[in-house]
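Laboratory data are not the source of any read-out in this text; all were calculated from the coordinates shown. The structure presented is a predicted model; accordingly, all values stated were derived computationally and were not measured. Positions of Cβ are backbone-derived with ideal geometry, glycine not excepted, and every protein chain shown enters the neighbour counts.
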Amino acid sequence: MDELDKKILLYLFRDGRISIRSLASLLNLTPPTVLYRIKNLEKEEILEGFQLLVNPNFYGKYYSFIAFKNLMDMDDKWVFLKFKCVEWLNVYGIVGGSNAEIEDRISFMRKTLGEPVMQYTPLQQPLPPKELDIKIVKALQEDPRASTAEISKKLGIDSKIVIKRLKIMKNRGYISVIPKINIPKSGMSVFSMFSKRVPEIRDILSPCRVLEIADKNNVGIEVCLTENIENVRNYVRAVREKDKEADVMIIYDINTKGIVE
């Protein structure tokens, strides 16, 4: 892993569907060079593939984040996201048909995992799912880096429609494709910060941010990727000058499931 490899991973985290040509242009390299480096990252088992993250509001569901001490682990069909953290925590993204159902599922988790350390439920307005968009997202779930031409052929619809719908869903924060990487092996650092003052810290974290989940009350989670732990310290120090109560978690593994029931 050198600096170019780290930049490749950073750009892939920001847009897991970025084309090799666009990535090469950002790095001032040739497309074959970028492709060779990506293949090498896969060969070294640093880049393990790609995964789709879908905001449950997109398909008419509610969600919440909850952290438990990771003395035990849990998985279920309604866990759509999981962060494993250095601080002896697992953070779970929970899906439900209502806030009441989410609370029932959290109560179920308590029986195995104990009392939660943290819970964050954003203000939400789930949308009625659109059949075409659901079909496109499910095609992405099978292959997160499938080209628009491949999706168009698979679904039998015009590629221009696929391009338009993907752009809308991405811009509205409904979907994102992120790489599945072996974070410890990469030598990079992934961290998240929970803040009730997101607009005040957004610019500070913009160089490293790869994901933001925030509600209309400006409460949310910023997920960042940076080159080393020293950079994490610097970012955390700068954020806490604006928000002394911001919580930080160092993440060593990220798993997502796409659309879940």
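Structure above, values below:
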item	result
Violating pairs (Cα-Cα greater than 24 angstrom) within the set Lys61/Lys82; Lys69/Lys138; Lys82/Lys242	Lys69/Lys138; Lys82/Lys242
For Cα Rg over 2.2 N^0.38 Å, calculated from these coordinates, the label among (i) 1.02; (ii) 1.24; (iii) 1.06	(i)
Footprinting exposure proxy for Met169, Met118 (fewest neighbouring C-beta atoms within 10 Å first)	Met118, Met169
Mean residue ellipticity (222 nm) of the chain, computed from DSSP H runs ≥ 4 via -39,500 (n - 2.57), nearest 500	-12500 deg cm²/dmol
Unsatisfied cross-links (Cα-Cα over 24 Å) in the set Lys84/Lys257; Lys39/Lys170; Lys135/Lys257	Lys39/Lys170
Neighbour cut-off at most 15 other Cβ (10 Å), DSSP loop, trypsin sites (Lys or Arg not before Pro), the stretch 220-261	Lys244
Mean Cα-pair separation over length for the stretch 3-50, i.e. relative contact order, pairs under 8 Å, 6 or more apart, %	30 percent
Between the stretch 89-138 and the stretch 208-261, the Cα center-to-center distance that results, in Å	19 Å
